[in-house]
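The values are calculated or read from the model by the stated rules, or taken from the named source; none is laboratory data. Because the structure is a prediction, the values reported are computed rather than measured. Cβ atoms come from the backbone with ideal geometry, glycine included; neighbour counts cover every protein chain shown.
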Amino acid sequence: MPLRSTMPDLVIPAVSFSDYMFSNLATRGNKVTMFVQIDSSNNDNQYTSQEVRENAMKCGSAFYRMGLRKGDVVATCLTNCAEYTFIVMGVNACGGILTTSNPNYTKDELSFQFKQTEPKFVFCNCENYVKLQEVCAAFDSVKEIFSLQDKPNTKTFSQFLEAGNSKDFPLDVSVDPDDVALILYSSGTTGIPKGVMLTHRNLVSILTLCDASMRWSHIDTIYLVLPMFHIYGTIMSLLFMSKGSKVVLRHRFNLMQMMGDIQKYKITRLIAVPPIIVAMDQLPPNHGFDISSLRELDTGAAPLPESVALSVSKKLNVNIKNGWGMTEGVPAAHPWMIALPYFQLGTPHLTLFNGHMCEPSAEPIIDTNSGRELGPNEDGEICIKGPQVMKGDYKNPEATAKTIDREGWLHTGDIAHYDENEFIYIVDRLKELIKYKGFQVAPAELDDVLLRHPKIADVGVIGVPDLEAGELPKAYVVRNDPDLTEKEIHEFMKDKLAKYKYLRGGITFIDAIPKSGSGKILRRVLKGAEKNTFRKLDY
């Protein structure tokens, strides 16, 4: 039988995501400050639940009046901001689809995404407005580009919002719960980034399930510095907003700034990734900040070293919880694992409500070579099923078929085992994905970029371990020209990839890349040859 959650199933509302959010916000009124958005000058803009709802409805109205219809795509290229949540709900209220991108993406990376999704409207920060103009000039689908901030000769978000009227609601739009609401880019288990299609049902499910299992409260004040264009930041911001919790937003992480914010805003829960907790571990005992309000650190996206977790928990007197999941699972499959990768912290749960793990025939863990069903304490690939599992990869049925089998089981690419008590231990990763500070780096994408260099004959990229970042991308390169240097390769990559994809793990020149008989790069052989003597680069 499938390894199921021991918790009872919940009823998932059969409504659109926007209706679910509007309904929740309506119960909060003006009494709760939903968002505190802090800018670079430490000024903050605050929004009540009613203001969030009103602005989201104006967004929906403006989109509809401008011609956004069911199935049309809107793209964001934004740093953290309350406006992002207005846009998400507004797009979905029209039956549209939102796709998000990293504001640090290069023009090549943005073009790849826009070529697939064909957005009708694009929202960005004023700092990257010119870059988006240049990218969008190649796509006839784009009708308008809006800058979040006022800037001469640009159309702004405030102008866009003025075109809407919250009294237009409800819009005359029929949205099926299985319609696609978001397309977020992930590298999945292998290969170049793919557009993960998340439905209204997926989003409503994960918010309902997390609400029931993680016990967050409207009295919490949350600190969110994780990027909202990433599934982790997206779901956390929406979850807390639906709960009525206060969310304090920052654009980027700075340790001393964060400590000051915890003191000033009386933060109770910090949403983190391992590099943030590693940085907190470096705080001196007499750091001088009053962080007595802080009671919990919630982390995910990458493994957290046991020594760091225990040290920070003791030093700051906080509880640390580890979650595990993936974009394709929107994103949580197991809220707080007993071991990630090898230690016990917090309250362990097997799976979310309504969720279970299983290989297509019967068992929760499968042998990666034979597909044999595995029992307790045997390492194999985790497979999951539940209402939060994605619809599939956008315009890529082949990739979908490789990830979700015919019986609906999502093959995660993560290696784990469960013990006699049915607690699950993540021990390794089958997939090639590199995790740099919680960001996904696809080796195949870096391979492709590097092979465009005329002096490179062949290449294989792997991740090498690093305490601060988790992993660093490193390239093994076969030269076409013996004069090719590391510096030349680094310079070549700078205008083609976001900074988190840089080869901070270094470059090693070799005579040949090990490959299988079918031509597949044997990255495990490269990792086996890696002696962890890489040097970190200063970017």
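Taken over region 150-199, the criterion of being among the polar types (S, T, N, Q), buried (at least 16 other Cβ atoms within 10 Å of the Cβ) and over 29 Å from the mean Cα position of the chain (by Cα) is satisfied by T154 alone. When you check Y84 against the structure, is it over 30 Å from L239 (Cβ atoms), in a helix (DSSP H, G or I) and assigned by TED's automatic domain parsing to the domain that holds F240, yes or no? So Y84 does not fit the description; no.
For region 98-118, the criterion of being buried (at least 21 other Cβ atoms within 10 Å of the Cβ), in a helix (DSSP H, G or I), in contact (Cβ under 8 Å) with a residue 24 or more places away in the chain and among the hydrophobic types (A, V, I, L, M, F, W, C) is satisfied by at least one residue.
Filtered by the rule that a residue be part of a helix (DSSP H, G or I) and either closer than 16 Å to V73 by Cα or not polar (S, T, N, Q) (or both), region 123-155 gives C126, E127, Y129, V130, K131, L132, E134, V135, C136. Looking across region 369-396 at every residue that is in contact with a Ser or Thr (Cβ under 6 Å, 6 or more places away or on another chain) and in a loop (DSSP other than H, G, I, E, B), the one that is surrounded by the fewest Cβ atoms within 10 Å (Cβ to Cβ) is identified as K391. For region 471-491, enumerate the residues that are touching a helix residue (DSSP H, G or I) at 6+ places or on another chain (Cβ under 8 Å) and within 24 Å of Q113 (Cβ to Cβ). Across region 471-491, the qualifying residues are P473, A475. Scanning region 156-172 for residues that are out of contact with any Gly (no Cβ under 8 Å at 6 or more places or on another chain) and assigned to a helix (DSSP H, G or I) yields F157, S158, Q159, F160, L161, E162, S166, K167.
Listed by first and then second residue, the pairs linking a residue in region 124-136 that is farther than 18 Å from Q159 by Cβ to a residue that is polar (S, T, N, Q), with Cβ atoms under 6 Å apart and 6 or more places separating them unless they lie on different chains, are V135/S111. Restricting the first member to region 488-501 and to residues that are within 17 Å of A444 (Cβ to Cβ), and the second to residues that are surrounded by fewer than 17 Cβ atoms within 10 Å (Cβ to Cβ) and among the charged types (D, E, K, R), the beta-carbon pairs closer than 6 Å and six or more apart or on different chains are K496/D108.
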